[in-house]
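Notes follow once the structure below has been shown.
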Amino acid sequence: MKASSARRAVSSDPVTFGIIAVSLVLFLAVWFRAFDWTAIYPSLMFVGQNASQSPWVMLTYWLAPTSSILALLLGSFILWQFGGQLETQLGSRQYGLMLLVWLTLSGAVGFVASMLGVPVVMGGMTMLVSFAVMIWCGRFPTASINLFGMLPVPAWGIALLTAVISLLQQSPPLAAVLVTVPVVLSYYWALDRLPIPFSATRKHAGTTFKFSADPKRQERAEREYLDKVKDREKERAERERLRKLFEGGQED
């Protein structure tokens, strides 16, 4: 990616790239032992039995860095792919508020579970990435992703895979189910299947969606869509021209 393209990407999706940047800085700080992380880590990580003494962890648990650089890179890439597209369509303010609400709801569920004696542990950007993927799948239900560049997986399949991964990251089973409930709800919320619908409006025609985004972002999205329509019309006209040439050649 060229420097100018990178700057445009960062400026158009500041929340997504801000999350990635913060996660990377915290990981590097731990990696190079820039400070005594053992004194700070418990203040960010959501650990059920300690949640009542530090309720702010319901908001900060995603800041607790992973110990694996591979997990950080993979999570950042997925967030960039799915979250970046959502932020472009919705606008940074609405996108950031949306993630904050769902992260807080997930933390609240973990807090209630811990009060009931169910051990819940949450940390890192996993939940944040899960919400971004689930909401993307709900807003683009007819889309598909080429997994590993070969296997096309529909949006509902990506959502199912995300839910299964969320389940497998927790134990015991009851804690896994409770933590996964908000993740699944975010998917149905994005599909407008919950009493409180998604705040954006959708006009579905094939893969066309209309969001209540910022005016500039909405204009850009509409321009990109019109460009695609024009390209398809050109392709259709070219196919028709070639068909007529072929038919004319056969008649001769």
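The values are calculated or read from the model by the stated rules, or taken from the named source; none is laboratory data. Remember, it's a predicted structure, so these values are computed and weren't measured experimentally. When we count neighbours, we look across all protein chains shown, and the Cβ atoms used for this are built from the backbone with ideal geometry, even at glycine.
As an exercise: evaluate residue 162 against (1) among the polar types (S, T, N, Q); (2) closer than 24 Å to residue 97 by Cα; (3) modelled with pLDDT under 85 and give the number of the one condition it does not meet.
Looking at each condition in turn, residue 162 falls short on (3).
Can you tell me which residue is modelled with the highest pLDDT among those in region 135-159 that are farther than 28 Å from residue 97 by Cβ, more than 16 Å from the chain's Cα centre (by Cα) and not hydrophobic (A, V, I, L, M, F, W, C)?
152
I need the full set of residues from region 54-80 which are modelled with pLDDT under 90 and polar (S, T, N, Q), in order please.
Passing the criteria: 54, 60, 66, 67, 68.
Look through 98, 134 and report the one residue that is part of a helix (DSSP H, G or I), out of contact with any Pro (no Cβ under 7 Å at 6 or more places or on another chain) and more than 26 Å from residue 68 (Cα to Cα).
98
Would you call residue 60 out of contact with any Pro (no Cβ under 6 Å at 6 or more places or on another chain), part of a helix (DSSP H, G or I) and without any contact (Cβ under 8 Å) to a residue 60 or more places away in the chain?
yes
Out of all the residues in region 143-156, is one or more out of contact with any Lys or Arg (no Cβ under 9 Å at 6 or more places or on another chain) and either in contact (Cβ under 8 Å) with a residue 24 or more places away in the chain or under 20 Å from residue 64 (Cα atoms) (or both)?
yes
On the given criteria, is residue 28 modelled with pLDDT of 90 or more, out of contact with any helix residue (DSSP H, G or I) (no Cβ under 7 Å at 6 or more places or on another chain) and surrounded by fewer than 20 Cβ atoms within 10 Å (Cβ to Cβ)? Step through it out loud before you land on a result.
On the way: modelled with pLDDT of 90 or more: no; out of contact with any helix residue (DSSP H, G or I) (no Cβ under 7 Å at 6 or more places or on another chain): yes; surrounded by fewer than 20 Cβ atoms within 10 Å (Cβ to Cβ): yes.
The answer is no for residue 28.
For region 76-83, state whether one or more residues are among the aliphatic types (A, V, I, L, M), surrounded by 20 or more Cβ atoms within 10 Å (Cβ to Cβ) and either free of Cβ contacts under 8 Å to residues at least 12 places away in the same chain or assigned to a helix (DSSP H, G or I) (or both). Show your work before the answer.
Start the filter on region 76-83 by keeping residues that are among the aliphatic types (A, V, I, L, M), which leaves 78-79.
Narrowing further to those that are surrounded by 20 or more Cβ atoms within 10 Å (Cβ to Cβ): 79.
This time we only want the ones that are either free of Cβ contacts under 8 Å to residues at least 12 places away in the same chain or assigned to a helix (DSSP H, G or I) (or both), so: 79.
Yes, there is a match, as at least one residue in region 76-83 is among the aliphatic types (A, V, I, L, M), surrounded by 20 or more Cβ atoms within 10 Å (Cβ to Cβ) and either free of Cβ contacts under 8 Å to residues at least 12 places away in the same chain or assigned to a helix (DSSP H, G or I) (or both).
With the structure loaded, tell me whether residue 200 is modelled with pLDDT under 75, in contact with a Lys or Arg (Cβ under 9 Å, 6 or more places away or on another chain) and surrounded by 12 or more Cβ atoms within 10 Å (Cβ to Cβ) or whether it fails that test.
Criteria met by residue 200.
Taking residue 110, is it at pLDDT below 90, in a helix (DSSP H, G or I) and buried (at least 22 other Cβ atoms within 10 Å of the Cβ)?
yes
Do we find that residue 104 is loosely packed, with under 15 Cβ neighbours inside 10 Å, closer than 22 Å to residue 75 by Cβ and in contact (Cβ under 8 Å) with a residue 24 or more places away in the chain in this structure?
Details: loosely packed, with under 15 Cβ neighbours inside 10 Å: yes; closer than 22 Å to residue 75 by Cβ: yes; in contact (Cβ under 8 Å) with a residue 24 or more places away in the chain: yes.
When the stated conditions are applied, residue 104 passes them.
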